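Quick notes on the structure that follows.
The values are calculated or read from the model by the stated rules, or taken from the named source; none is laboratory data. Note that this is a predicted model, so its numbers are computed, not measured. Note: ideal-geometry Cβ built from the backbone for every residue, glycine included; neighbour counts use all protein chains shown. In case anyone asks, the SASA skips ligands and DNA or RNA and just uses the protein heavy atoms, side chains included. Shrake-Rupley method; radii C 1.70, N 1.55, O 1.52, S 1.80 Å.
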Amino acid sequence: MSHNTLLIIAVAGVATLLLLILKAKVQPFVALVVVSIGVALSAGVPAADLVKTIEDGMGATLGHIATIIALGAMIGRIIELSGGAHAFAHALIDKFGSKRTPLALTVAGFVLGIPVFFEVGLIILMPIAYGVARASRKPLLVYALPMGAAMLTVHAFLPPHPGAVAATEAIGASQGLVLLMGVPLTAVVVLLGYLVSRRLTRREYPMDPAVYAEVYGDEKSAPADGAGGTDTGPDGTASPAPAGDGHGTAVLTRPAGTATEVRPPSLAMVLTLIVTPILLILLGTLGQNLLADGSTLRAVLTVLGAPMVALLIDVTLCAYFLGARRGWNRARIADVMGSALPSVAMVILVAGAGGVFGKVLVASGIGDAIADVLERTGFPALVLAFVTALALRAAQGSTTVALITTAGILTPLLQRADLSTGQLSLVALAMGAGGLSVSHINDAGYWMFTKLAGLDVSAGLRTWTVLTTAMGLMGFGLTACLWPLV
(Lines give C-alpha, C1' and ligand atoms only; values in the text may rest on other atoms or scores of the structure.)
Protein backbone atom coordinates (compact mmCIF):
# COMPACT_ATOMS: atom_id res chain seq x y z
CA MET A 1 0.00 0.00 0.00
CA SER A 2 1.41 3.42 -0.96
CA HIS A 3 2.44 6.03 1.58
CA ASN A 4 -0.20 8.43 0.29
CA THR A 5 -2.94 5.87 0.87
CA LEU A 6 -1.65 5.14 4.36
CA LEU A 7 -1.58 8.87 5.16
CA ILE A 8 -5.17 9.28 3.97
CA ILE A 9 -6.18 6.39 6.24
CA ALA A 10 -4.32 8.02 9.16
CA VAL A 11 -6.00 11.40 8.62
CA ALA A 12 -9.40 9.73 8.29
CA GLY A 13 -8.72 7.77 11.48
CA VAL A 14 -7.83 10.85 13.53
CA ALA A 15 -10.79 12.77 12.10
CA THR A 16 -13.11 9.89 12.99
CA LEU A 17 -11.64 9.78 16.50
CA LEU A 18 -12.35 13.48 17.00
CA LEU A 19 -15.88 13.18 15.63
CA LEU A 20 -16.67 10.22 17.88
CA ILE A 21 -15.39 12.02 20.99
CA LEU A 22 -16.69 15.51 20.23
CA LYS A 23 -19.90 15.04 18.26
CA ALA A 24 -21.09 11.53 19.10
CA LYS A 25 -19.93 11.86 22.74
CA VAL A 26 -18.43 8.37 22.64
CA GLN A 27 -16.22 7.54 25.64
CA PRO A 28 -12.54 8.03 24.61
CA PHE A 29 -11.59 4.43 25.45
CA VAL A 30 -14.29 3.02 23.17
CA ALA A 31 -13.53 5.58 20.46
CA LEU A 32 -9.83 4.74 20.47
CA VAL A 33 -10.46 1.00 20.24
CA VAL A 34 -13.02 1.37 17.44
CA VAL A 35 -10.78 3.70 15.43
CA SER A 36 -7.77 1.44 15.99
CA ILE A 37 -9.65 -1.56 14.59
CA GLY A 38 -10.91 0.44 11.62
CA VAL A 39 -7.47 1.87 10.82
CA ALA A 40 -5.82 -1.54 11.16
CA LEU A 41 -8.23 -3.25 8.75
CA SER A 42 -8.16 -0.33 6.28
CA ALA A 43 -4.36 -0.29 6.26
CA GLY A 44 -4.09 -3.98 5.48
CA VAL A 45 -3.31 -5.56 8.83
CA PRO A 46 -4.33 -9.24 8.36
CA ALA A 47 -7.56 -10.13 10.13
CA ALA A 48 -5.79 -13.04 11.80
CA ASP A 49 -3.28 -10.63 13.36
CA LEU A 50 -5.79 -7.99 14.42
CA VAL A 51 -6.57 -9.32 17.88
CA LYS A 52 -2.90 -9.99 18.64
CA THR A 53 -1.97 -6.45 17.57
CA ILE A 54 -4.61 -5.00 19.90
CA GLU A 55 -3.55 -7.23 22.79
CA ASP A 56 0.13 -6.39 22.27
CA GLY A 57 -0.57 -2.67 22.23
CA MET A 58 -2.77 -2.80 25.31
CA GLY A 59 -0.44 -5.09 27.25
CA ALA A 60 2.77 -3.25 26.43
CA THR A 61 1.28 0.07 27.54
CA LEU A 62 -0.51 -1.07 30.68
CA GLY A 63 2.45 -3.16 31.76
CA HIS A 64 4.32 0.11 32.28
CA ILE A 65 1.71 2.51 33.55
CA ALA A 66 -1.25 0.76 35.20
CA THR A 67 0.51 0.15 38.51
CA ILE A 68 2.04 3.63 38.59
CA ILE A 69 -1.28 5.38 38.01
CA ALA A 70 -3.07 3.23 40.59
CA LEU A 71 -0.42 3.74 43.29
CA GLY A 72 -0.28 7.49 42.60
CA ALA A 73 -4.07 7.68 42.99
CA MET A 74 -3.85 5.85 46.34
CA ILE A 75 -1.27 8.33 47.64
CA GLY A 76 -3.43 11.26 46.61
CA ARG A 77 -6.53 9.71 48.17
CA ILE A 78 -4.85 9.11 51.53
CA ILE A 79 -3.51 12.67 51.59
CA GLU A 80 -6.96 13.98 50.69
CA LEU A 81 -9.03 12.01 53.23
CA SER A 82 -6.52 12.44 56.06
CA GLY A 83 -6.96 16.22 55.85
CA GLY A 84 -3.36 16.57 54.71
CA ALA A 85 -4.20 18.68 51.67
CA HIS A 86 -6.17 21.24 53.66
CA ALA A 87 -3.55 21.30 56.40
CA PHE A 88 -0.76 21.78 53.87
CA ALA A 89 -2.52 24.69 52.15
CA HIS A 90 -3.42 26.47 55.40
CA ALA A 91 0.12 26.05 56.73
CA LEU A 92 1.52 27.66 53.58
CA ILE A 93 -0.93 30.57 53.88
CA ASP A 94 0.21 31.12 57.48
CA LYS A 95 3.87 31.07 56.47
CA PHE A 96 3.52 33.31 53.42
CA GLY A 97 1.35 35.87 55.18
CA SER A 98 -1.86 37.55 54.11
CA LYS A 99 -0.23 39.71 51.42
CA ARG A 100 1.18 36.66 49.64
CA THR A 101 -1.82 34.37 49.98
CA PRO A 102 -2.28 34.03 46.19
CA LEU A 103 1.33 32.87 45.91
CA ALA A 104 0.84 30.48 48.86
CA LEU A 105 -2.16 28.89 47.15
CA THR A 106 -0.21 28.67 43.89
CA VAL A 107 2.58 26.80 45.67
CA ALA A 108 -0.01 24.56 47.35
CA GLY A 109 -1.55 23.81 43.95
CA PHE A 110 1.86 22.97 42.50
CA VAL A 111 2.97 20.66 45.32
CA LEU A 112 -0.38 18.96 45.92
CA GLY A 113 -0.85 18.62 42.17
CA ILE A 114 1.97 16.07 42.05
CA PRO A 115 0.12 13.21 43.83
CA VAL A 116 -3.48 14.48 43.45
CA PHE A 117 -5.34 14.51 40.13
CA PHE A 118 -6.34 17.93 38.82
CA GLU A 119 -10.10 17.59 39.32
CA VAL A 120 -9.76 16.27 42.87
CA GLY A 121 -7.15 18.90 43.78
CA LEU A 122 -9.39 21.69 42.54
CA ILE A 123 -12.29 20.48 44.67
CA ILE A 124 -9.99 20.16 47.71
CA LEU A 125 -8.40 23.61 47.43
CA MET A 126 -11.27 25.71 46.09
CA PRO A 127 -12.98 26.00 49.52
CA ILE A 128 -9.75 27.49 50.85
CA ALA A 129 -9.73 30.02 48.00
CA TYR A 130 -13.36 30.82 48.85
CA GLY A 131 -12.42 31.40 52.48
CA VAL A 132 -9.50 33.75 51.85
CA ALA A 133 -11.47 35.68 49.21
CA ARG A 134 -14.28 36.14 51.72
CA ALA A 135 -11.89 37.27 54.46
CA SER A 136 -10.00 39.70 52.22
CA ARG A 137 -13.03 40.84 50.16
CA LYS A 138 -10.86 40.50 47.07
CA PRO A 139 -11.97 38.86 43.79
CA LEU A 140 -11.98 35.07 43.99
CA LEU A 141 -10.08 34.85 40.71
CA VAL A 142 -7.00 36.44 42.31
CA TYR A 143 -6.58 33.25 44.35
CA ALA A 144 -8.24 30.59 42.21
CA LEU A 145 -6.72 31.32 38.79
CA PRO A 146 -2.99 30.76 39.55
CA MET A 147 -3.82 27.90 41.93
CA GLY A 148 -5.86 26.00 39.32
CA ALA A 149 -3.33 26.66 36.56
CA ALA A 150 -0.52 25.34 38.77
CA MET A 151 -2.35 22.04 39.27
CA LEU A 152 -3.09 21.71 35.56
CA THR A 153 0.58 22.36 34.74
CA VAL A 154 1.74 19.48 36.92
CA HIS A 155 -1.02 17.29 35.47
CA ALA A 156 0.25 17.89 31.93
CA PHE A 157 3.99 17.64 32.56
CA LEU A 158 4.86 15.23 35.35
CA PRO A 159 4.46 11.57 36.31
CA PRO A 160 2.55 9.94 37.98
CA HIS A 161 -0.16 11.72 36.01
CA PRO A 162 -1.48 9.40 33.28
CA GLY A 163 -0.75 11.38 30.13
CA ALA A 164 2.83 12.10 31.15
CA VAL A 165 3.45 8.50 32.22
CA ALA A 166 1.98 7.04 29.02
CA ALA A 167 3.81 9.44 26.69
CA THR A 168 7.13 8.97 28.50
CA GLU A 169 6.93 5.18 28.30
CA ALA A 170 5.66 5.12 24.70
CA ILE A 171 8.57 7.10 23.27
CA GLY A 172 11.23 5.41 25.42
CA ALA A 173 12.08 8.38 27.65
CA SER A 174 13.17 8.09 31.28
CA GLN A 175 10.65 8.96 33.98
CA GLY A 176 13.54 9.84 36.27
CA LEU A 177 14.96 12.33 33.78
CA VAL A 178 11.49 13.71 33.06
CA LEU A 179 11.15 14.42 36.79
CA LEU A 180 14.73 15.68 37.16
CA MET A 181 14.25 18.25 34.42
CA GLY A 182 10.50 18.62 34.68
CA VAL A 183 10.10 19.52 38.36
CA PRO A 184 12.25 22.69 38.20
CA LEU A 185 10.89 23.50 34.73
CA THR A 186 7.27 23.28 35.87
CA ALA A 187 8.11 25.24 39.01
CA VAL A 188 9.39 28.10 36.83
CA VAL A 189 6.35 27.84 34.55
CA VAL A 190 4.03 28.00 37.57
CA LEU A 191 5.85 31.05 38.94
CA LEU A 192 5.67 32.81 35.56
CA GLY A 193 2.00 31.82 35.32
CA TYR A 194 1.40 33.37 38.73
CA LEU A 195 2.87 36.66 37.48
CA VAL A 196 0.75 36.54 34.32
CA SER A 197 -2.36 35.81 36.40
CA ARG A 198 -1.72 38.93 38.49
CA ARG A 199 -2.03 40.98 35.33
CA LEU A 200 -5.12 39.09 34.13
CA THR A 201 -6.89 39.62 37.46
CA ARG A 202 -6.32 43.37 37.68
CA ARG A 203 -9.87 43.82 36.44
CA GLU A 204 -12.97 42.19 37.88
CA TYR A 205 -15.02 39.76 35.84
CA PRO A 206 -18.75 39.11 36.22
CA MET A 207 -19.51 36.30 38.65
CA ASP A 208 -22.43 33.92 38.85
CA PRO A 209 -24.66 35.44 41.59
CA ALA A 210 -24.99 32.06 43.32
CA VAL A 211 -21.22 31.60 43.52
CA TYR A 212 -20.78 35.21 44.62
CA ALA A 213 -23.26 34.70 47.45
CA GLU A 214 -21.55 31.49 48.52
CA VAL A 215 -18.09 33.07 48.55
CA TYR A 216 -18.89 36.46 50.09
CA GLY A 217 -22.02 35.61 52.04
CA ASP A 218 -24.25 38.23 50.39
CA GLU A 219 -26.23 38.60 47.19
CA LYS A 220 -25.10 40.26 44.01
CA SER A 221 -27.34 40.96 41.06
CA ALA A 222 -26.53 39.23 37.80
CA PRO A 223 -24.73 41.41 35.21
CA ALA A 224 -26.99 43.23 32.82
CA ASP A 225 -25.47 41.53 29.77
CA GLY A 226 -26.33 38.09 31.09
CA ALA A 227 -22.76 37.19 31.98
CA GLY A 228 -22.47 34.91 34.95
CA GLY A 229 -25.23 32.56 35.98
CA THR A 230 -25.43 29.12 34.47
CA ASP A 231 -22.51 28.10 32.30
CA THR A 232 -23.43 27.28 28.74
CA GLY A 233 -21.83 24.87 26.35
CA PRO A 234 -20.93 25.53 22.73
CA ASP A 235 -24.54 25.05 21.69
CA GLY A 236 -25.81 27.60 24.19
CA THR A 237 -27.54 25.07 26.43
CA ALA A 238 -26.92 24.74 30.13
CA SER A 239 -23.75 22.78 30.67
CA PRO A 240 -22.85 21.24 34.01
CA ALA A 241 -19.18 20.56 34.52
CA PRO A 242 -18.49 17.09 33.14
CA ALA A 243 -16.19 14.50 34.61
CA GLY A 244 -12.71 15.61 33.88
CA ASP A 245 -10.16 14.32 31.41
CA GLY A 246 -11.26 10.72 31.50
CA HIS A 247 -10.59 10.29 35.18
CA GLY A 248 -14.18 9.54 35.99
CA THR A 249 -13.92 11.87 38.99
CA ALA A 250 -17.29 13.21 40.07
CA VAL A 251 -17.41 16.97 39.70
CA LEU A 252 -19.23 18.70 42.53
CA THR A 253 -21.42 21.70 41.87
CA ARG A 254 -19.91 23.30 44.95
CA PRO A 255 -16.70 22.57 46.81
CA ALA A 256 -16.91 20.63 50.01
CA GLY A 257 -14.27 20.58 52.72
CA THR A 258 -12.84 17.33 54.04
CA ALA A 259 -13.82 16.56 57.60
CA THR A 260 -11.14 14.99 59.75
CA GLU A 261 -11.61 13.22 63.04
CA VAL A 262 -8.23 14.06 64.54
CA ARG A 263 -5.67 16.83 64.29
CA PRO A 264 -4.56 17.08 60.65
CA PRO A 265 -0.97 16.20 59.70
CA SER A 266 1.76 18.82 59.71
CA LEU A 267 3.14 20.71 56.74
CA ALA A 268 6.48 18.88 57.07
CA MET A 269 4.79 15.49 57.15
CA VAL A 270 2.70 16.06 54.04
CA LEU A 271 5.59 17.65 52.13
CA THR A 272 7.92 14.77 53.02
CA LEU A 273 5.44 12.17 51.83
CA ILE A 274 4.85 14.01 48.55
CA VAL A 275 8.56 14.45 47.86
CA THR A 276 9.70 10.93 48.89
CA PRO A 277 8.84 9.07 45.65
CA ILE A 278 10.26 11.90 43.54
CA LEU A 279 13.55 11.75 45.42
CA LEU A 280 13.71 7.95 45.15
CA ILE A 281 13.12 8.05 41.39
CA LEU A 282 15.74 10.79 40.98
CA LEU A 283 18.26 8.84 43.08
CA GLY A 284 17.68 5.78 40.92
CA THR A 285 18.28 7.79 37.76
CA LEU A 286 21.44 9.40 39.15
CA GLY A 287 22.72 6.02 40.34
CA GLN A 288 22.34 4.52 36.88
CA ASN A 289 24.17 7.43 35.28
CA LEU A 290 26.94 8.04 37.84
CA LEU A 291 27.76 4.70 39.47
CA ALA A 292 29.69 1.84 37.90
CA ASP A 293 27.99 -1.28 36.55
CA GLY A 294 27.92 -4.06 39.13
CA SER A 295 27.99 -1.64 42.06
CA THR A 296 25.84 -2.77 44.98
CA LEU A 297 24.73 0.79 45.67
CA ARG A 298 23.72 1.21 42.03
CA ALA A 299 21.65 -1.98 42.18
CA VAL A 300 19.91 -0.84 45.37
CA LEU A 301 19.18 2.63 44.00
CA THR A 302 17.95 1.15 40.72
CA VAL A 303 15.38 -0.96 42.55
CA LEU A 304 14.32 1.79 44.96
CA GLY A 305 14.19 4.31 42.11
CA ALA A 306 11.93 2.25 39.87
CA PRO A 307 8.72 4.34 39.74
CA MET A 308 6.54 1.41 40.78
CA VAL A 309 8.75 0.60 43.80
CA ALA A 310 9.12 4.27 44.81
CA LEU A 311 5.36 4.79 44.75
CA LEU A 312 4.73 1.50 46.57
CA ILE A 313 7.09 2.61 49.35
CA ASP A 314 5.30 5.94 49.56
CA VAL A 315 1.87 4.30 49.72
CA THR A 316 3.12 2.29 52.68
CA LEU A 317 4.48 5.40 54.39
CA CYS A 318 1.26 7.33 53.76
CA ALA A 319 -0.83 4.46 55.11
CA TYR A 320 1.22 4.39 58.30
CA PHE A 321 1.90 8.07 59.03
CA LEU A 322 -1.40 9.52 57.75
CA GLY A 323 -3.53 6.51 58.59
CA ALA A 324 -2.46 3.92 61.17
CA ARG A 325 -0.53 6.32 63.38
CA ARG A 326 -3.51 8.66 63.47
CA GLY A 327 -6.12 6.10 64.43
CA TRP A 328 -7.20 4.42 61.20
CA ASN A 329 -7.61 0.67 61.46
CA ARG A 330 -6.54 -1.72 58.71
CA ALA A 331 -10.02 -2.00 57.25
CA ARG A 332 -10.33 1.76 56.85
CA ILE A 333 -6.87 2.04 55.27
CA ALA A 334 -7.82 -0.68 52.79
CA ASP A 335 -11.13 1.06 52.05
CA VAL A 336 -9.42 4.40 51.44
CA MET A 337 -6.89 2.82 49.09
CA GLY A 338 -9.64 0.95 47.27
CA SER A 339 -11.73 4.10 46.89
CA ALA A 340 -8.95 5.63 44.79
CA LEU A 341 -9.21 2.98 42.08
CA PRO A 342 -12.66 3.58 40.52
CA SER A 343 -11.71 7.15 39.59
CA VAL A 344 -8.59 6.01 37.70
CA ALA A 345 -9.94 2.84 36.08
CA MET A 346 -11.09 4.67 32.97
CA VAL A 347 -7.84 6.63 32.81
CA ILE A 348 -5.90 3.37 32.73
CA LEU A 349 -8.16 1.98 30.01
CA VAL A 350 -7.84 5.16 27.92
CA ALA A 351 -4.06 4.96 28.23
CA GLY A 352 -4.14 1.32 27.16
CA ALA A 353 -6.35 2.14 24.18
CA GLY A 354 -3.89 4.86 23.22
CA GLY A 355 -1.20 2.19 23.24
CA VAL A 356 -3.36 0.09 20.92
CA PHE A 357 -3.66 3.02 18.51
CA GLY A 358 0.10 3.49 18.55
CA LYS A 359 0.70 -0.22 17.94
CA VAL A 360 -1.69 -0.18 14.99
CA LEU A 361 0.14 2.78 13.46
CA VAL A 362 3.42 0.85 13.65
CA ALA A 363 2.06 -2.53 12.53
CA SER A 364 0.20 -1.09 9.55
CA GLY A 365 3.12 0.97 8.26
CA ILE A 366 1.25 4.23 8.83
CA GLY A 367 3.84 5.26 11.43
CA ASP A 368 6.64 5.08 8.89
CA ALA A 369 4.57 7.03 6.36
CA ILE A 370 3.86 9.76 8.92
CA ALA A 371 7.53 9.78 9.92
CA ASP A 372 8.52 10.36 6.28
CA VAL A 373 6.16 13.33 6.00
CA LEU A 374 7.27 14.83 9.31
CA GLU A 375 10.94 14.43 8.41
CA ARG A 376 10.37 16.31 5.17
CA THR A 377 8.93 19.27 7.06
CA GLY A 378 12.40 19.91 8.49
CA PHE A 379 10.98 20.76 11.91
CA PRO A 380 12.89 19.48 14.93
CA ALA A 381 11.30 16.65 16.91
CA LEU A 382 10.80 19.00 19.85
CA VAL A 383 8.68 21.40 17.78
CA LEU A 384 6.67 18.58 16.22
CA ALA A 385 5.94 17.13 19.66
CA PHE A 386 4.67 20.47 20.98
CA VAL A 387 2.62 21.43 17.93
CA THR A 388 1.02 17.99 17.53
CA ALA A 389 0.03 17.79 21.21
CA LEU A 390 -1.28 21.37 21.16
CA ALA A 391 -3.36 20.72 18.03
CA LEU A 392 -4.89 17.54 19.47
CA ARG A 393 -5.49 19.23 22.82
CA ALA A 394 -7.26 22.15 21.13
CA ALA A 395 -9.28 19.81 18.91
CA GLN A 396 -10.61 17.30 21.43
CA GLY A 397 -9.99 18.80 24.88
CA SER A 398 -8.41 16.01 26.94
CA THR A 399 -4.78 16.45 27.93
CA THR A 400 -4.39 12.71 28.51
CA VAL A 401 -5.77 11.72 25.10
CA ALA A 402 -3.70 14.43 23.38
CA LEU A 403 -0.44 13.19 24.93
CA ILE A 404 -1.12 9.50 24.30
CA THR A 405 -2.14 10.10 20.68
CA THR A 406 0.85 12.37 20.04
CA ALA A 407 3.21 9.73 21.39
CA GLY A 408 1.67 7.11 19.09
CA ILE A 409 1.99 9.36 16.04
CA LEU A 410 5.59 10.46 16.71
CA THR A 411 7.15 7.23 18.00
CA PRO A 412 8.30 5.98 14.55
CA LEU A 413 9.88 9.36 13.78
CA LEU A 414 11.64 9.47 17.16
CA GLN A 415 13.00 5.96 16.64
CA ARG A 416 14.52 7.06 13.34
CA ALA A 417 15.98 10.20 14.87
CA ASP A 418 18.24 8.18 17.20
CA LEU A 419 17.80 10.60 20.09
CA SER A 420 19.38 10.12 23.51
CA THR A 421 17.28 9.29 26.55
CA GLY A 422 17.72 12.86 27.77
CA GLN A 423 16.51 14.28 24.47
CA LEU A 424 13.51 11.93 24.45
CA SER A 425 12.70 13.12 27.97
CA LEU A 426 12.67 16.71 26.72
CA VAL A 427 10.39 15.64 23.86
CA ALA A 428 8.01 14.21 26.49
CA LEU A 429 8.09 17.56 28.32
CA ALA A 430 7.41 19.39 25.04
CA MET A 431 4.33 17.20 24.60
CA GLY A 432 3.30 18.19 28.11
CA ALA A 433 3.60 21.86 27.17
CA GLY A 434 1.29 21.27 24.21
CA GLY A 435 -1.13 19.33 26.40
CA LEU A 436 -1.28 22.21 28.87
CA SER A 437 -2.22 24.80 26.26
CA VAL A 438 -5.58 25.93 24.90
CA SER A 439 -7.94 24.70 27.59
CA HIS A 440 -11.27 25.94 26.26
CA ILE A 441 -14.93 24.99 25.88
CA ASN A 442 -14.34 21.38 24.78
CA ASP A 443 -12.25 20.67 27.89
CA ALA A 444 -13.92 19.32 31.03
CA GLY A 445 -11.30 21.08 33.14
CA TYR A 446 -12.31 24.42 31.64
CA TRP A 447 -15.96 23.91 32.59
CA MET A 448 -15.06 22.68 36.04
CA PHE A 449 -12.83 25.66 36.84
CA THR A 450 -15.18 28.29 35.41
CA LYS A 451 -18.19 26.77 37.20
CA LEU A 452 -16.43 26.73 40.59
CA ALA A 453 -15.04 30.23 40.00
CA GLY A 454 -18.41 31.58 38.87
CA LEU A 455 -17.19 32.75 35.46
CA ASP A 456 -19.16 32.94 32.25
CA VAL A 457 -17.82 31.57 28.96
CA SER A 458 -16.31 34.86 27.80
CA ALA A 459 -14.52 35.51 31.10
CA GLY A 460 -13.24 31.93 31.17
CA LEU A 461 -11.72 32.29 27.70
CA ARG A 462 -10.10 35.63 28.62
CA THR A 463 -8.57 34.26 31.83
CA TRP A 464 -8.26 30.48 32.07
CA THR A 465 -7.69 29.83 28.35
CA VAL A 466 -5.25 32.72 27.96
CA LEU A 467 -3.28 31.70 31.05
CA THR A 468 -3.02 27.98 30.20
CA THR A 469 -1.93 28.80 26.64
CA ALA A 470 0.67 31.31 27.85
CA MET A 471 2.03 28.78 30.35
CA GLY A 472 2.17 26.08 27.66
CA LEU A 473 4.18 28.38 25.39
CA MET A 474 6.51 29.30 28.24
CA GLY A 475 6.95 25.63 29.09
CA PHE A 476 7.90 24.83 25.52
CA GLY A 477 10.31 27.77 25.43
CA LEU A 478 12.08 26.56 28.57
CA THR A 479 12.21 23.02 27.19
CA ALA A 480 13.78 24.32 23.98
CA CYS A 481 16.38 26.21 26.03
CA LEU A 482 17.38 22.94 27.73
CA TRP A 483 17.79 21.05 24.44
CA PRO A 484 21.38 22.24 23.67
CA LEU A 485 22.43 21.27 27.19
CA VAL A 486 21.31 17.61 26.97
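Filtering 53, 67, 101 for residues that are closer than 27 Å to residue 275 by Cβ, of a type in the set (Val, Ile, Thr) and at pLDDT 90 or above leaves a single hit, 101.
Pairing residues of the stretch 96-110 that are closer than 14 Å to residue 135 by Cβ with residues that are surrounded by fewer than 24 Cβ atoms within 10 Å (Cβ to Cβ), at Cβ distances under 6 Å and at least 6 apart in sequence or on separate chains, gives 101/93; 101/132; 102/142; 104/92; 104/93; 104/96. Whether a residue is farther than 30 Å from residue 23 by Cα, under 20 Å from the mean Cα position of the chain (by Cα) and of a type outside the set (Val, Ile, Thr) was assessed, and residue 420 does not pass this test. Residues considered: 33, 45. Of these, the only one that is in contact (Cβ under 8 Å) with a residue 60 or more places away in the chain, crowded, with 17+ Cβ neighbours inside 10 Å and in a loop (DSSP other than H, G, I, E, B) is 45. A count restricted to the stretch 423-435 and to residues that are open to solvent by 10 Å² or more (accessible area, probe 1.4 Å) and either without any contact (Cβ under 8 Å) to a residue 40 or more places away in the chain or not hydrophobic (A, V, I, L, M, F, W, C) (or both) stands at 1. Here residue 193 does not fit the description of being in a helix (DSSP H, G or I), out of contact with any strand residue (DSSP E or B) (no Cβ under 9 Å at 6 or more places or on another chain), open to solvent by less than 10 Å² (accessible area, probe 1.4 Å) and farther than 23 Å from residue 438 by Cβ.
If you go through the stretch 446-486 and pick out every residue that is open to solvent by 10 Å² or more (accessible area, probe 1.4 Å) and over 17 Å from residue 207 (Cβ atoms), you end up with 16.
Kindly indicate whether residue 281 is open to solvent by less than 30 Å² (accessible area, probe 1.4 Å), more than 30 Å from residue 53 (Cβ to Cβ) and touching a Leu at 6+ places or on another chain (Cβ under 8 Å). Answer is yes for this residue. Residues in the stretch 436-445 that are surrounded by 24 or more Cβ atoms within 10 Å (Cβ to Cβ) and part of a helix (DSSP H, G or I) were compared, and the one that is modelled with the highest pLDDT is 436.
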